[in-house]
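The structure appears right after this line, and notes come after that.
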Amino acid sequence: MKALILSGGHGTRLRPITHSQQKQLIPIANKPVLFYAIEDVIEAGAREIGIIVGPNKDQIIDTVGSREWDAGIEFIFQGEPAGLAHTILIAEDFLGEEEFIMYLGDNVIKGGITRHSHSFRDLDPDSLVLLTQVDDPQRFGVADLDEKGRVKRLVEKPRVPPSNYALVGIYFFKPAIIEACKSINPSWRNELEITDAIQWLIDNGHRVEASVVDGWWKDTGKAEDILEANRLVLDEMRPKNDGALRGSRIFGRAVIGKGSSIENSEIKGPCILGEDCIIRDSYIGPYTSINDGCNIEGTEIEDSVIMEGCTISNAGRIVESLIGKNVVIGENGRRPAGHRFIAGDNSEILL
């Protein structure tokens, strides 16, 4: 089985972070979101992976290439986003006549997709779509299921949903989907929609099955989604301390990377600190991820994602924040009770 992972798009809902980096590279618990997708498809049996890349393709190529994977990886360029079905068409030469997993690269799912891969093999449909129950199905593509649990209709963001089963953004396909993508017309957004292509399969006698996600799932398209996914992943991490503590205490489950120094500080998990960080006279609270090479002094941070290379000193209390790479936050003579940031790479903030 092959895999097609989508890692293009502009990530407009995550600006200013995505002005300078691709949204699928934003870290969850200090690991790029995209890496969770790659690990999932490899675990599910994919040994050839095509990654759809867009405007920031060099970032994706360099980041993915920084580590070795138990699969061959090919990068496929998509100029302008023209719909999910369009990505299948531009990947046709890569996909050939083989079955494949299609995985939106900004998704994070508990427990991976191996169980769903087994269902695809056992049921042997032309497509298997992953679904999850949601409270607000009007915001999603929604599946209408028959009495056997098969998909009989897909509706995109319906005013009156036929069910509360939303499409997760992970699909299994046989090659028939390529004909489907070639047979549909662009939507009102002038995009080739994957929901239309799957509906074409149904309308033309192909069988589409559903597999329901039984754990959590997050689409990390917005800052609050990244923070929530960060909480969910940190909740399941095992503690590990490879750093040095001086006059400091750790409570709860914390992961501390090599070369990191914690001085006169308190660390309360679940949280993760990367390598070569300096934490001095500070408090790092639950659900915080601090990436490599950060220097934190005289500051309280809780429920936040801090990317690599940041320097934060005497900044009071920072909560529910998403802070990009190499950001400098310093004191400016005032002390409000708390701060909330969504700061892009290379920012400088004086408080």
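Only Lys, Arg, Asp and Glu count, each charged at its Cβ (+1, +1, -1, -1), so figure out the dipole size of the chain about its Cα centre, rounded to 20 debye. The partial results should precede the final answer.
Details: 38 positive and 54 negative charges, 183 e Å.
Charge dipole of the chain: 880 debye, to the nearest 20.
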Multiplying the sequence separation of Ala71 and Asp235 by 0.36 nm and subtracting their Cα-Cα distance, what value in nm do you get? 56.2 nm
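Of the listed peptides 179-186, 54-61, what is their order by residue-averaged count of other C-beta atoms within 10 Å, with the highest listed first? It would help to have the intermediate numbers written out before the result.
Working: 179-186: 16.1, 54-61: 17.6.
Top of the packing list down: 54-61, 179-186.
Please state, rounded to one decimal and in Å, the Kirkwood hydrodynamic radius that the chain gives when every pair of distinct Cα atoms enters the mean of 1/r. Present the calculation step by step, with values, prior to reporting the outcome.
On the way: mean 1/r = 0.0468 Å⁻¹.
By the Kirkwood definition, the hydrodynamic radius is 21.4 Å.
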So for R0 = 30 Å, FRET eff. of Ile90-Asn295 from the Cβ-Cβ r, to 0.05, ends up at 0.10
Kirkwood Rh and Cα Rg combined as Rg/Rh, the stretch 198-279: 1.31
What is the chain's relative contact order, in percent, from Cα pairs under 8 angstrom and six or more apart in sequence? 13
Rg/Rh for the stretch 1-153 to two decimals, with Rh computed the Kirkwood way over all alpha-carbon pairs. 0.96
So, with points 7 Å from each Cα along the Cβ direction, the Asn190-Asn164 label distance in nm works out to 3.8
Between Met1 and Asp242, how high is the FRET efficiency from 1/(1 + (r/R0)^6) when r is the Cβ-Cβ distance and R₀ = 35 Å? Nearest 0.05. 0.45
As I understand it, the dipole of the stretch 2-221 uses +1 on the Cβ of Lys and Arg and -1 on the Cβ of Asp and Glu, about the Cα centre. Which of Phe94, Gly112, Ile28 lies farthest toward its positive end? Ile28
Multiplying the sequence separation of Arg317 and Asn204 by 0.36 nm and subtracting their Cα-Cα distance, what value in nm do you get? 34.9 nm
My understanding is that a pair violates if its Cα-Cα distance is over 23 Å; which of Lys23/Lys240; Lys218/Lys258; Lys2/Lys182; Lys148/Lys174; Lys174/Lys218 do that in this structure? Lys23/Lys240; Lys218/Lys258; Lys174/Lys218
Gain in length, Leu123 to Glu266, computed as 0.36 nm per residue apart minus the alpha-carbon separation, to one decimal in nm? 46.3 nm
Estimate the FRET efficiency between Asp219 and Arg249 by the formula 1/(1 + (r/R0)^6), using the beta-carbon distance for r and 35 Å for R0, to the nearest 0.05. 0.45
Surrounding net charge for Leu123, when Lys and Arg each add one and Asp and Glu each subtract one, Cβ distance under 12 Å: +1
Charge dipole of the chain built from unit charges on the beta carbon (Lys, Arg +1; Asp, Glu -1), centred at mean Cα; most positive-end Cα among Asn264, Ile194, Gly45 is Asn264
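Rule-based calculations on the coordinates, nothing more; no lab input. Bear in mind that the values here come from a model prediction, so they are computed numbers and not experimental data. For neighbour counting, all protein chains shown are included, and Cβ atoms are generated from backbone atoms with ideal geometry for every residue, glycine included.
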